[in-house]
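Quick notes on the structure that follows.
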Amino acid sequence: MSTTTSQQPDESTAADNAPLSLSTVKSRYPQLFCEYKKLEDREKQLKEEIGESTTPGWIACTNFNEALDDNGSNSAMKTNSDANKLCMFLWKCLEASETGSISGDACRQFDILNSALDDTLSLSGTAANKFEHLLGWTAAATNHGLDALLYRGDPDRNRVLFKKVADEWKKVFSTNVNDEKLRKFAIWYCECFQKLLKQAKKEYGDHASYVFNFIKKKRVRKVAAEDVGGGNNNIISITAVKPHKDARLGLGIAQVKGASHHIKVTSIAPGSLFKDTDLDVGMIIQSVNNKPFNSFTEGSALLKIAEGKFSIEVARITKENPGNLVPLDNVSQSAKKKSDGKRKSNSQLPPGSSGDDDSTSKKAKNTVSYKTAKAAAVELLNKICAVEGIPPEGVPEVYDSCPEVIEKINTFLKRDGITKTNFMKALNLNGKTLNKLLASEGQEQAGNPCYKAAYIFFEKQRILDGRAKSAARLQNEAKYDSGFSLKSKRQASAKKLPKDESE
């Protein structure tokens, strides 16, 4: 009796933590199953070419039979939920897709994500079921990072895919969701994915400019001009809702020339809280939550710290009212004291100068310096890669261990202008694969393609610099006739490396 009682929780846990079976994937997600089969067939072909056998359930060192981690009872996404199971299977498919060039990986990742989304939208069932599958899709894409897809994927196709997901989330969030905890969890994941796409432009350039508007924002009530300012049609009040303190207003602002109490709106971002209000570029902000301000700094600070529902009072610029609404003579004494001595007024500065200190010029110098260093770094990378005499395939044997190559990579990435992005681009490396190598210990990532590629790169650098082989390198050559093994840990562990004859 006691034996039966003690085994029951283990059996229940095993069932809850079981991953999606291929039969379930085939029946429920037919398009995603086709992409999985493509990965599986590609793995078999690659193994046949090198004379190795495949292991069922393993693709590119990714175990699809592995039990799911227990999310815990307090997690909004339960371990045995459709959201979690789809997330983990889709995530593994994305990892298993990283077995070629960056462009090839990008194509495979797009096909996997697009197929999974189409399967999700084709599912019949309740709104809650659709909600969970969308959550699983978003969580998998966010956790994986989609480096290759964002870097080398077709931007137009990507935008269509991301918009399709965002539009579906809008529909879901516009309806009532019974589980409020899960709803907040889903919003958080959508925000994380939104940040991931926003960061892509900084990492990979303007071609990777994406938006992910996943929730409809309530339109703010527009206030009639005659309701504010005692009938002055030039003055209006605009109300917006700021969900939390750190939410960005999405406004570009500047100081009004010839005035100190007001702020001019120079731009309104697409995702701004004021996008659908009467606020226009060129309007002058006079107060925030009925609080006037005595300087540009004070006014911008009021905008940043405002929370919840708040209002701004603005004035339209007209020929009769060009925007200089408050003369400099009316500036408070405290504001004058702050400006005296330390800074010159705009009228005392040479043409083209601002009222700020030299921080702007320093920032410009830093920007120029960074661009110069980056350009020099790219030139260095090209020079190193152009060194001849070291074929990329077959020979040479690798005579640096994984830790030695990792140390060289980390040292090289510290050089001015060198970034992981331009390093990967020069060597045609995959970000996820490179990260696996950098995070590894011993020879567990010996089968990682970045291992040999980086070794060849640093060999070319050594030849370009005219440096002799290090003592450690010469010892490795004497110790390992054919170099280090280039098989993965699963295929040949570090214990199978050639041993020292003295051992």
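The values are calculated or read from the model by the stated rules, or taken from the named source; none is laboratory data. Everything numeric here is computed off the predicted structure, so don't read it as measured data. Don't worry about glycine lacking a Cβ; one is built from the backbone with ideal geometry, like all the others, and counts go over all protein chains shown. For the accessible areas, the whole protein counts, side chains as well, though only heavy atoms, and no ligand, DNA or RNA atoms are used. Shrake-Rupley method; radii C 1.70, N 1.55, O 1.52, S 1.80 Å.
Tell me the residue from 53, 103, 73, 115 that is modelled with pLDDT under 90 and either closer than 25 Å to residue 431 by Cα or part of a helix (DSSP H, G or I) (or both), please. Exactly one residue qualifies, and that residue is 103. Condition first: open to solvent by 70 Å² or more (accessible area, probe 1.4 Å) and part of a loop (DSSP other than H, G, I, E, B). Now tell me which residues in segment 21-50 satisfy that. Residue satisfying the conditions is 50 alone.
Quick check, is residue 197 under 18 Å from the mean Cα position of the chain (by Cα) and either part of a helix (DSSP H, G or I) or at negative phi (or both)? Criteria met by residue 197. In this structure, is residue 195 of a type in the set (D, E, K, R), free of Cβ contacts under 8 Å to residues at least 24 places away in the same chain, under 23 Å from residue 420 (Cβ atoms) and open to solvent by 30 Å² or more (accessible area, probe 1.4 Å)? So residue 195 passes the test. Residues that are at pLDDT 85 or above, closer than 26 Å to residue 372 by Cα and within 26 Å of the chain's Cα centre (by Cα) number at least 3 in the following helices (runs of 4 or more DSSP H) confined to segment 387-461: 402-413, 420-427.
Within segment 155-165, does at least one residue satisfy the condition of being under 25 Å from residue 111 (Cβ atoms) and of a type in the set (Val, Ile, Thr)?
Of the residues in segment 155-165, the ones under 25 Å from residue 111 (Cβ atoms) are 155-165.
So of that shortlist, the ones also of a type in the set (Val, Ile, Thr) come out as 160, 165.
Yes - at least one qualifying residue is present in segment 155-165.
Here segment 121-149 is the region considered, the condition is being in contact (Cβ under 8 Å) with a residue 60 or more places away in the chain and touching an Asp or Glu at 6+ places or on another chain (Cβ under 8 Å), and the residue that is surrounded by the fewest Cβ atoms within 10 Å (Cβ to Cβ) is 144. In segment 463-476, the qualifying residues are those that are open to solvent by 40 Å² or more (accessible area, probe 1.4 Å) and among the basic types (Lys, Arg), and the one that is farthest from residue 445 (Cα to Cα) is 467.
Is it the case that some residue within segment 294-312 is surrounded by 15 or more Cβ atoms within 10 Å (Cβ to Cβ), of a type outside the set (S, T, N, Q), modelled with pLDDT of 80 or more and out of contact with any Gly (no Cβ under 6 Å at 6 or more places or on another chain)? Yes; the residues of segment 294-312 include at least one that is surrounded by 15 or more Cβ atoms within 10 Å (Cβ to Cβ), of a type outside the set (S, T, N, Q), modelled with pLDDT of 80 or more and out of contact with any Gly (no Cβ under 6 Å at 6 or more places or on another chain). Among residues that are surrounded by fewer than 21 Cβ atoms within 10 Å (Cβ to Cβ) and assigned to a helix (DSSP H, G or I), residue 158 is not included.
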